[in-house]
Amino acid sequence: MRQLINVPETVVEEALRGVAAAHPDLTVDVENRIVLRGDAPVAGKVGLISGGGSGHEPLHGGFVGFGMLDAACPGEVFTSPVPDQMVRAAAAVDSGAGVLFIVKNYTGDVLNFQMAAEMAEDEGVQVASVLVADDVAVEDSTHTAGRRGTGATLFVEKIAGAAAQAGEPLERVEALARRVSESSRSFGVALSACSTPAKGGPTFDLPAGELELGIGIHGEPGRERRAMMTSGEIADFAVQAVLDDLRPEGPVLALVSGLGATPLLELYGFAGEVHRVLAERRVPVARTLVGNYVTSLDMAGASVTLCRADEEMLRLWEAPVATPGLRWGA
Amino acid sequence: MNAAADAVDREADRLTELDSPIGDADHGTNLRRGFTAVRQGLRDDQPSGPGPVLLLSGRLLVSKVGGASGPLYGTLLRRAGKALGDESAADGRQVAAALRIGVEAVAQLGGAVEGDKTMLDALFPALTALEEALESGEDLADALAAAGRAAAEGAAATVPLRARRGRASYLGERSVGHEDPGAASSVLLVTALAEAVGAGE
């Protein structure tokens, strides 16, 4: 494998040093692995904190800044961060208005954030948590750990981030974050496996000429494997899978996220096909975001996330944001 | 704990391999990072007595491992350590009672039961074997050896199960046919404890 790294053990630290070098408006605590808004804590503002395994960049560190997250806690590659990181982040961003933990539904993330919430509350920080569980490729039942959290995390972080930036109190930011999470569904398709630095090669075997429908962001297998399909056929399958579950009656926000190794030429082509399918199903699209936002290292492929957007969500989506990974209006 | 760290060092690659088809290929790497910190922490702080040793080890696992195995194993050791208190030694019954408290805390934290294809499928049978062996008058070293064998049988029995908790649960039917890596690492840790006690450490 050809990877632009020194040694696998320090890839996360090295990336954080680069983040610090490239974004002087952020405060990067490399030793404790926390990316913070440079102006944290912001007086009177609810602090938004997220985190998860590294390897999904720009999620989450790339979404720290004005109008979005106050802090991000990156874990090892594909491994959740530890509670100490969230507790430190909470202390650093809490201005007295409390903090909201935005947690993707993976057992490790859930357990570590849960422990962190208890520890931070012991230290006098008011903590609320919202779980993101949007992946329709996973059977949702009381007998499993539930759906995985993927692309909807970006919608939650942006919309709740705008509400927090506008000075909304913790209960309202939390309720809004939960509403966005519950209104969003995703489906991902892999055209190649990803390679973790520790393994140095593909984490699963996906023969050329085949694709995996319903892939997870750590390369977990999805619903089924098929012979390669066209962009239009993939869009038909992925959008239908999301709509079967979401059943929107009004406009949606759409995210077409690359998984890391698919060029924008292909992603935009795929986004066009996603729009075609939505038009055929008479689903109006309020806004579309196309790019590498919730990635899986060097995996080729894309995910589609749709959010049933009400007027408040749309207004907050449009609000200014200034982060390394998402920036408009500011 | 040093025996556990040695076992994790030795078997990390196998754990990671087990984690490849149904997880994300990092279970061994993560535990190795945690137990390396435990080894260092115990050397630096030199806590005395089994309770403080387990408490410190658990805290270090939680703060270094991440993923699901960090909080789960960390909680097991912390709760067991707390149950043992500050006494300088513990007899078989006290060890078994403390481990039961620890394992039940793991079950509560993870929301899992036996048969969900998790580390509990090794830990609960080990605990039962330990308690029964002590009950029938065996000494702690022999009882722990029995616990190690029961853990191994429990882990092997996870192969045909369908995962209902943890990352493997996302795979549904596709998780069938693989040994649970968490159950496999539990076997290592129980066996390491048995070997350490057997060697009189």
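Could you pull out the GluC sites (Glu not before Pro) across the stretch A:99-157 that fall in loop regions by DSSP (anything but H, G, I, E, B) with no more than 15 other Cβ atoms inside 10 Å?
A:Glu123, A:Glu139
Using the Cα atoms of chain B, I'd like the radius of gyration and the largest Cα-Cα distance, Dmax, both in angstrom.
Over chain B's Cα set, Rg and Dmax evaluate to 15.7, 48 Å.
If each Cα of the stretch A:11-60 is one equal point scatterer, what is log10 of I(q)/I(0) from the Debye formula at q = 0.16 Å⁻¹?
-0.48
Round to the nearest 0.05 the FRET efficiency obtained for A:Glu9 and B:Val113 when R0 = 41 Å and r is the Cβ-Cβ distance.
Calculated value: 0.70.
Percent of alpha carbon pairs in the stretch B:22-81 separated by more than 18 Å?
Counting every Cα pair in the stretch B:22-81, those more than 18 Å apart make up 29 percent.
Please list the non-local residues whose amide H lies under 5 Å from the amide H of A:Val285, H modeled 1.01 Å from N, same-chain partners needing a gap of 5 or more.
Amide H neighbours of A:Val285: A:Val252.
Of all the Cα-Cα pairs you can form in the stretch A:1-92, what percent are over 22 Å apart?
That tail contains 21 percent of the Cα-Cα pairs.
Skipping prolines and chain starts, which residues have an amide H placed within reach, meaning under 5 Å, of the one on A:Ser296, given they are 5 or more residues away or on another chain?
Hits under the 5 Å cutoff: A:Gly260.
Using the alpha carbons of the stretch A:259-330, what is the convex hull volume per residue in cubic angstrom, as a whole number?
Each residue corresponds to 101 Å³ of Cα convex hull volume.
For the stretch A:315-329, take each phi angle, set θ = phi - 60°, evaluate the Karplus expression 6.51 cos²θ - 1.76 cosθ + 1.60, and give the result in whole Hz per residue in order, putting x for glycine and proline.
Residue by residue, the stretch A:315-329 yields 5, 6, 4, 6, 4, x, 9, 9, 9, x, x, 8, 8, 7, x Hz.
What shape does chain A take by its C-alpha gyration tensor, where a ≥ b ≥ c are the square roots of the eigenvalues and a/c under 1.5 counts as rounded, a/b above b/c as prolate, and the rest as oblate?
oblate
Please compute the average number of Cβ atoms from other chains found within 10 Å of each residue's Cβ in peptide A:71-82.
5
From other protein chains only, count the Cβ atoms within 10 Å of every residue's Cβ in A:100-110, then give the mean.
Mean inter-chain Cβ contacts per residue within 10 Å come to 4.
Using per-residue counts of other Cβ atoms within 10 Å, averaged over each peptide, order A:212-218, B:80-86 from highest down.
Packing proxy ranking, top to bottom: A:212-218, B:80-86.
Give me a single rounded figure for B:172-179: the average over its residues of other chain Cβ atoms within 10 Å of their Cβ.
2
What area, in nm² and to one decimal, does the C-alpha convex hull of the stretch A:123-185 cast on average over all directions?
Over all viewing directions, the stretch A:123-185 projects a mean Cα-hull area of 5.3 nm².
How big is the charge dipole of the stretch B:1-160 about its Cα centre, in debye rounded to the nearest 20, if each Lys and Arg gets +1 on its Cβ and each Asp and Glu gets -1 on its Cβ?
Dipole magnitude for the stretch B:1-160 comes out near 600 debye.
What's the magnitude of the charge dipole for the protein assembly as shown around its Cα centre, counting Lys and Arg as +1 and Asp and Glu as -1 at the beta-carbon? Answer in Debye, nearest 20.
1180 debye
Arranged by the count of other C-beta atoms within 10 angstrom, fewest first, what order do B:Ile22, A:Ile159 take?
In order of increasing Cβ crowding within 10 Å: B:Ile22, A:Ile159.
Once each part is reduced to its C-alpha centroid, what is the distance from the stretch A:272-315 to the stretch B:141-181 in angstrom?
Taking the Cα centre of the stretch B:141-181 as reference, the centre of the stretch A:272-315 is 39 Å away.
May I ask for the net charge around B:Ala152, where only other residues with Cβ less than 12 Å from the Cβ of B:Ala152 are counted and Lys, Arg are +1 while Asp, Glu are -1?
Residues close to B:Ala152 contribute a combined charge of -2.
Given the rule -39500 (n - 2.57) for each run of at least 4 DSSP H residues, summed and divided by the residues of chain B, what is its mean residue ellipticity at 222 nm, to the nearest 500 deg cm²/dmol?
The per-residue figure over chain B is -24000 deg cm²/dmol.
Hey, what do the phi angles of the stretch B:143-148 turn into as Karplus ³J(HN,Hα) couplings, whole Hz, using 6.51/-1.76/1.60 and θ = phi - 60°, x for Gly and Pro?
Once rounded to whole Hz, the list reads 5, 5, 4, 4, 4, x.
Bin by bin, in steps of 5 Å, what percent of the Cα pairs in the stretch A:68-199 do you find, going until the bin that has the longest distance?
Per 5 Å bin, starting at zero, the Cα-Cα P(r) for the stretch A:68-199 comes out as 2, 10, 18, 21, 21, 14, 8, 4, 1, 0 percent.
Using Cα centres only, tell me the gap between the stretch B:1-79 and the stretch A:14-89 in whole Å.
Cα centroid to Cα centroid, the span is 25 Å.
We did not get these values from a lab; they are worked out from the coordinates using the rules stated. Everything numeric in this text was worked out from a predicted model, so none of it was measured. Note: ideal-geometry Cβ built from the backbone for every residue, glycine included; neighbour counts use all protein chains shown.
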